[in-house]
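*Asks:* I am attaching a structure below and will ask some questions about it afterwards.
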Amino acid sequence: MSRDYANRKPGAKARQSKKKPTQGTSLSFVPLALVVVLLAGFGYFLWSINGSAGDTPTAPKASAAQEKITEKAKPKKDPNALPPKPTEEWTYLKELETKSVEVDIPAEAMVSAGPYQMQCGSFRQESQANQMKAMIAFQGINAQVRQSSGSNGVWYRVILGPYGNKRAAERNKHTLQNAKINGCQIWLWQ
């Protein structure tokens, strides 16, 4: 259905808007009255419980003058104040002062307390062994190149030591590992 709004007569709209009033105006009064009664009841409820949270039935109320005195006597708390530092309940510090630890060292470990040496490389060419010796010297550790002959030819070994105990050899081994020189082996010197 299409309408022609351009050629419409001016009085046509006035004729269309004239409608008879409906009889539903009395129905809108009932919900409005119900909302007003509920709001009034809720307001009365709030008014009746106002201030009853702090009241106790057994304690008598103090007078207004007494309340003012107690409010002045109480120090006001700072809302940004930190709580007091908690007390420590740890007793392990006192217990550790009196404790002693006993370590059993096997007899085998005591026997092999002889001198140690560390081998960091074995090469067919002496120039490669001297190059490894120079890299070790840059770490502040003295090394030697030893020639050894065997059934499979001549080898040039890079040797560190002798060390009086294995701990000193391990210390140098860790220093070399930090410098990316790996593969060093500690041997009991014979």
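*Asks:* For segment 81-161, what % of the accessible area comes from carbon and sulfur atoms, probe 1.4 Å?
*Replies:* 54 percent
*Asks:* Calculate the spin-label point distance for K85 paired with V37, positioning each point 7 Å from the Cα along the beta-carbon direction, and give it in nanometres.
*Replies:* So the label points at V37 and K85 sit 6.7 nm apart.
*Asks:* Can you put R124, R3 in order of accessible area, largest first, using a 1.4 Å probe?
*Replies:* R3, R124
*Asks:* Calculate the FRET efficiency for A168 and E95 from the Cβ-Cβ distance with a Förster distance of 22 Å, rounded to the nearest 0.05.
*Replies:* It comes to 0.05.
*Asks:* Still on this structure: Give me the 1.4 Å probe accessible area per residue for segment 103-190, excluding ligands and nucleic acids, in Å².
*Replies:* 69 Å²
The values are calculated or read from the model by the stated rules, or taken from the named source; none is laboratory data. Given the structure is predicted, the values throughout are model-derived calculations rather than measurements. Neighbour counts run over all protein chains shown; Cβ positions are idealised from the backbone, glycine included. When the accessible area is computed, the model is the full protein with side chains, heavy atoms only, and any ligands, DNA or RNA have been set aside. Shrake-Rupley method; radii C 1.70, N 1.55, O 1.52, S 1.80 Å.
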